[in-house]
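The next block holds one structure in the form of structure tokens; read it before the comments.
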Amino acid sequence: MTRCVLLLGTPKGAFILEGTTDRRDWRLRGPVCEGWPVHDISVDASTGALLAGAGSPWYGPAVLRSDDLGATWTPSSEGLTYGDNGPKVVTVWNVTAGLDAIYAGVEPAGLFRSTDGGATWSHVVGLTNHPSRAEWAAGAGGLILHTIIPHPTDPARMWVAISAAGMFETRDGGATWETRNKGVRADFHPEKYPEFGQCVHKAVLATGDGERLYQQNHCGVYRSTDGGVAWDEVTDGLPSQFGFVMAAHPRDPMTVWNIPLTEPEQGRMMPRGAAAVWRTNDGGATWVRAGEGLPQVDAHLGVLREAMAVDRLDPVGVYFGTSTGQVYGSADEGVTWTKLADNLPPIWSVEAHVVG
């Protein structure tokens, strides 16, 4: 039977919400991955395996794998190290399956690759050896590689985003990397438009030709139509330039969702205490607010960078989790919303997976 599954990462392990394809009835399972703070959960489309990026003050960093939809998990940290002379890897912030390997982004910022399903890992030294590496600066959450975007058809191409170093792309399987930040503001930097040093919060690849990208930055929302070589700002129409999440429509390259938050000095919460998700259907030219079903009074909610996802059903389901433990979902592409779960630990990540 086909069902929709939401994978939730939290500091208290992971939780799984299982729903029917009409997305009206949901059942909560968990916690799983107990004892592991989970920053990210993704699905390896080639095998159906669930992959959780985690890090524990007791166990260290690890990627956990489940081949039975979260009933059991196997952790591995073999190879998640910079070596005796490098810094200690603290945690795994992102785990993403590409066409030919699984990749893990870690803190302090670096990239690791696994070609055996996550059992062992090797350091992608080309990124760490980038000439700008000595000048990478930590964002408020640390120096973290939090976003990994494999190209949909070319295994040699990939983008990564680092707070606060910006975006980088490889076209030779990770041997060399180019900065991809032209046109992106860094208001906190001595130069307003530096080559690197921007604080990307989240970036997504649109469906289509593999060249259209969107990003939520510390300083605005941006769109690229040339694989990140240049960016255009599309913040106009949003109530704030600040936020953490972006999600792209699985079939329409012009549609993305965003949740603006107040600026850091104002608490990083929903503006005016009224919860809303904003959507563009024209590539960022205009934005539409949707708050029906979401609390509109005293909703001082925050949403973290991995805590938004979409499914592949028709119409598309859109989901987000809050830092106070609520999960909201929309079965009509973000027009109306329903609370799916409450009283959970802070939601660090949300991933949607259609099974069956």
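The values are calculated or read from the model by the stated rules, or taken from the named source; none is laboratory data. The model shown is predicted, which means the values in this text are computed figures rather than measured ones. As a convention, Cβ positions derive from the backbone with ideal geometry for all residues, glycine included, and neighbour counts pool all protein chains shown. Areas reflect the complete protein model, heavy atoms only, side chains present, ligands, DNA and RNA absent. Shrake-Rupley method; radii C 1.70, N 1.55, O 1.52, S 1.80 Å.
Inside the stretch 302-320, residues that are open to solvent by 50 Å² or more (accessible area, probe 1.4 Å) and either out of contact with any Asp or Glu (no Cβ under 6 Å at 6 or more places or on another chain) or closer than 17 Å to VAL204 by Cα (or both) make up a count of 3. Given the condition closer than 24 Å to HIS218 by Cβ, assigned to a loop (DSSP other than H, G, I, E, B), modelled with pLDDT of 95 or more and open to solvent by 50 Å² or more (accessible area, probe 1.4 Å), answer yes or no: does some residue in the stretch 326-344 qualify? Checking the stretch 326-344: not a single residue is closer than 24 Å to HIS218 by Cβ, assigned to a loop (DSSP other than H, G, I, E, B), modelled with pLDDT of 95 or more and open to solvent by 50 Å² or more (accessible area, probe 1.4 Å). Has the stretch 52-73 got any residue that is in a loop (DSSP other than H, G, I, E, B), surrounded by fewer than 24 Cβ atoms within 10 Å (Cβ to Cβ) and of a type in the set (Ser, Thr, Tyr)? The answer is yes; a qualifying residue exists.
Residues in the stretch 146-186 that are farther than 23 Å from ASP232 by Cα and hydrophobic (A, V, I, L, M, F, W, C): 2 in all.
Pairs meeting the criteria (first residue in the stretch 322-342 and within 22 Å of VAL256 (Cα to Cα), second residue at pLDDT below 95 and open to solvent by less than 50 Å² (accessible area, probe 1.4 Å), beta carbons under 7 Å, at least 6 apart or on different chains) are GLY329/ARG23; ALA331/ARG23.
Do you know which residues across the stretch 90-137 are touching a residue at least 40 places away in the same chain (Cβ under 8 Å), open to solvent by 20 Å² or more (accessible area, probe 1.4 Å) and in a helix (DSSP H, G or I)? Listed by number, the residues that qualify are THR128, GLU135. The single condition among (1) open to solvent by less than 50 Å² (accessible area, probe 1.4 Å); (2) over 27 Å from PHE188 (Cβ atoms); (3) in a loop (DSSP other than H, G, I, E, B) that VAL350 does not meet is (3). Taking the stretch 71-89 as the range and being touching a Leu at 6+ places or on another chain (Cβ under 7 Å) and without any contact (Cβ under 8 Å) to a residue 24 or more places away in the chain as the test, only THR74 passes. Scanning the stretch 138-159 turns up no residue that is part of a loop (DSSP other than H, G, I, E, B) and among the aromatic types (Phe, Trp, Tyr).
Only a single item in (1) open to solvent by less than 40 Å² (accessible area, probe 1.4 Å); (2) more than 15 Å from ALA290 (Cα to Cα) is not met by LEU238, and it is number (2). A Cβ distance below 9 Å, combined with a sequence gap of six or more or placement on separate chains, defines the contacts here; from the stretch 165-180, residues that are open to solvent by 70 Å² or more (accessible area, probe 1.4 Å) reach residues that are assigned to a strand (DSSP E or B) in the pairs ARG171/MET158; ARG171/GLU178; THR176/THR170; GLU178/PHE168; GLU178/GLU169; GLU178/THR170. Only one of the listed residues (THR10, THR47) is open to solvent by less than 10 Å² (accessible area, probe 1.4 Å) and either of a type in the set (S, T, N, Q) or without any contact (Cβ under 8 Å) to a residue 24 or more places away in the chain (or both). That residue is THR10. Residues in the stretch 1-43 that are part of a strand (DSSP E or B) and among the hydroxyl-bearing types (Ser, Thr, Tyr) were compared, and the one that is farthest from LEU340 (Cα to Cα) is SER42.
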